[in-house]
């Protein structure tokens, strides 16, 4: 956190609180920063640079100096979030002026995986800019490039007043999904798609015998049987469509964190993801409850406009959800992630969906 109260309070925007308790703690801490009380709870870190080091050398040594050059402003303030623990974890830096105006956010890759994710985010945002029909808003890329083996993406902040995004599926989310469905649409049989080939490749890379058996014996054959020969409308997907990656700005969703975006995911992927993630992380549902919630909430009066828009019937909804879970499980298991609870939930859901 910056030492100045206004910049420190702005830095709390890096944490998108998702429940009443977390929001209350955030508000309390914000008030403490404004009053100066919270400063006594924070450790002070001072960066000392030898005065003999030239300005050009500082830009090569210190990321903060490099960012000043890129932004073309001095006297900047920086707030840092280390991100959610896991393989995809990467620092995010908020840049603000000394007056407290937020100027941008920096995503910083630090290894092969996180660098590729940062590159993908820059590519996705550059391609999107915003939905053609104005159904949602996105950041713009202010800078993207390499610095000492780390891929940096600087994104613009949202404009105007922000409100927390709803924690449940609302018309704003459905409008955003419909907007994405208008982009890069292509119809392909599942078994002929690059998306399906990628899943099969990841399945072969899974070393854990149990997860691989669940995928090969249960999920893949069932998905092949139900959807292999079906022509599906693939389209652009956000990749982590959830309340914690959104704000409300002027009545529209401001969507960020596009690092997992893909141009060719099958219909319903973002919709399934939203319902799955909110029920798994916010409501702590078990596999049976998760499955029931997704199948119930993904096709109703609110969401049927999306399905009608892309020409997909309710009869293949369950198979499409299985395809989504296969994607998630094959990715998590092939990456060797240690989130055993998530892996266990996904495995059980694959088995549940493969029974009928």
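Quick note: the coordinates plus some simple rules give every number you see, no bench work behind them. The model shown is predicted, which means the values in this text are computed figures rather than measured ones. Cβ: placed from backbone, ideal geometry, glycine included. Neighbour counts: every protein chain shown.
Dimensions of the stretch 60-212 along the principal axes, based on C-alpha atoms and rounded to the nearest Å, stand at 55, 39, 27, largest first.
Taking all Cα-Cα distances within the stretch 150-244, those exceeding 21 Å account for 58%. Listed from fewest to most Cβ neighbours within 10 Å, the set 235, 260, 283 follows the order 283, 260, 235. With neighbours defined as other Cβ atoms within 10 Å of a residue's Cβ, the residues 110, 269 order from fewest to most as 110, 269.
Hydrodynamic analysis of the stretch 296-355 uses the Kirkwood radius over alpha carbon pairs. Inserted into Stokes-Einstein at 20 °C and 1.002 mPa s, it gives a translational diffusion coefficient of 166 µm²/s.
Centre-to-centre separation between the Cα atoms of the stretch 193-259 and those of the stretch 70-96: 29 Å. Working from label points 7 Å from Cα in the Cα-to-Cβ sense, the residue 213 to residue 288 distance is 2.3 nm. For the stretch 164-354, taking Cα atoms only, Rg and Dmax work out to 15.7, 49 Å respectively.
Look at 209, 285 and count the other Cβ atoms within 10 Å of each Cβ; fewest to most, that gives 209, 285.
Relative contact order for the stretch 89-181: what is it in percent, counting Cα pairs under 8 Å that are at least 6 residues apart?
Details: 134 pairs, mean separation 24.3, N = 93.
Result for the stretch 89-181 is 26 percent.
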